[in-house]
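Throughout, read-outs are computed from the coordinates displayed, never taken from laboratory work. Just so it is clear, the model here is predicted, and its values are computed rather than measured. All Cβ positions, glycine included, derive from the backbone under ideal geometry; neighbour counts span all protein chains shown.
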Amino acid sequence: MTHATSHEAPTLLVTAHPDPASLTHHVAERLASALAPGPVEVADLHGEGFDPRFGHADRVAYREGGDHPPDVAREHRRLDRASHLVLVFPVYWWSMPALLKGWIDRVFVSGWAFAYTDASGPRPMLQRLTTHLVAVAGADSGTYERHGYERALRTQFTHGLLDYVGSRRGAAAFIHDAEQPSSEATEASVTRAVRAVAEAVRAGAPVA
């Protein structure tokens with residue numbers, strides 16, 4: 001759904017959580033409001049029933065070229081309209097949910113996100129896009145620091161995805177202690193994360 005219309009390129013917020021009453025969806029709604037009056041489009045992958053499985057049609061498109069499956073082509077159109085992409089997701093087993101991973105697997109594909117060349121290897125094609133991350137984590141910040149979980153997540157996204165496809169690095173915000181009973185502490189963490197991403201989007205430049 002789109003929260004605003006404008007000639008300005010919208011920000012695409014992508015969520016991957018089955019519960020519309022979850023903290024993940026709350027953060028996405030707060031962020032959409034913080035970005036107003038700028039145009040925002042929200043892609044609720046679970047609510048829309050996106051199929052994360054990289055299937056036979058995806059394989060054919062990858063190996064032989066030609067048209068991508070209709071649901072993937074729809075996501076390409078969404079991203080082609082956007083100048084900023086914000087991924088808002090809960091951390092499952094120190095990584096992203098399978099639904100979001102499957103969205104990336106199927107959507108950020110050869111011929112659209114990057115292209116292979118004989119001379120110099122893969123050529124990134126998404127330089128027009130700035131990507132931001134908001135990770136909703138159950139553990140505290142000390143746990144993430146001691147075990148390097150935050151660094152591992154950043155590496156997955158920045159080096160494994162963004163650098164490969166050429167997307168500019170935007171803000172990366174972590175909301176810790178998401179499952180703790182202190183709503184006041186959680187709300188303060190949400191506010192910091194929303195402010196960091198909203199300011200980065202409005203600035204329009206990569207921040208990290």
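With everything on Cα atoms, drop me the angle between helix 183-203 and the longest principal axis of the chain, reported from 0 to 90° to the nearest 10.
The answer is roughly 40 degrees.
Going by amide H atoms built from the backbone, whose H comes under 5 Å of the H on residue 86, apart from near neighbours?
12, 13, 14, 132
How much of the DSSP bridge set in region 50-208 is antiparallel, in percent, rounded to the nearest 5?
25 percent
So which residue, out of 158, 191, 131, gets the largest mean-square fluctuation from a GNM of the chain using Cα contacts under 10 Å as springs?
Top of the fluctuation ranking is 191.
Hey, what do the phi angles of region 40-46 turn into as Karplus ³J(HN,Hα) couplings, whole Hz, using 6.51/-1.76/1.60 and θ = phi - 60°, x for Gly and Pro?
Per-residue couplings from phi come out as 9, 10, 10, 10, 8, 4, 6 Hz.
Give the angle, between 0 and 90 degrees and rounded to the nearest 10, that separates the Cα long axis of helix 70-81 from the longest principal axis of the Cα atoms of the chain.
The helix 70-81 is inclined about 70 degrees to the chain.
Lys/Arg Cβ at +1, Asp/Glu Cβ at -1, dipole of region 11-203 taken about the Cα centre: which of 139, 98, 83 is farthest positive-ward?
Toward the positive end, the furthest listed residue is 83.
With semi-axes √(5λ) of the Cα gyration tensor in Å as the read-out, I listed [x] 28, 19, 17; [y] 35, 20, 14; [z] 23, 21, 18; which label goes with the value calculated from this structure?
Only one option fits the structure, namely [x].
Under a GNM of the chain (C-alpha, springs under 10 Å), which listed residue has the highest mean-square fluctuation: 186, 15, 143?
Judging by the Gaussian network model, the answer is 143.
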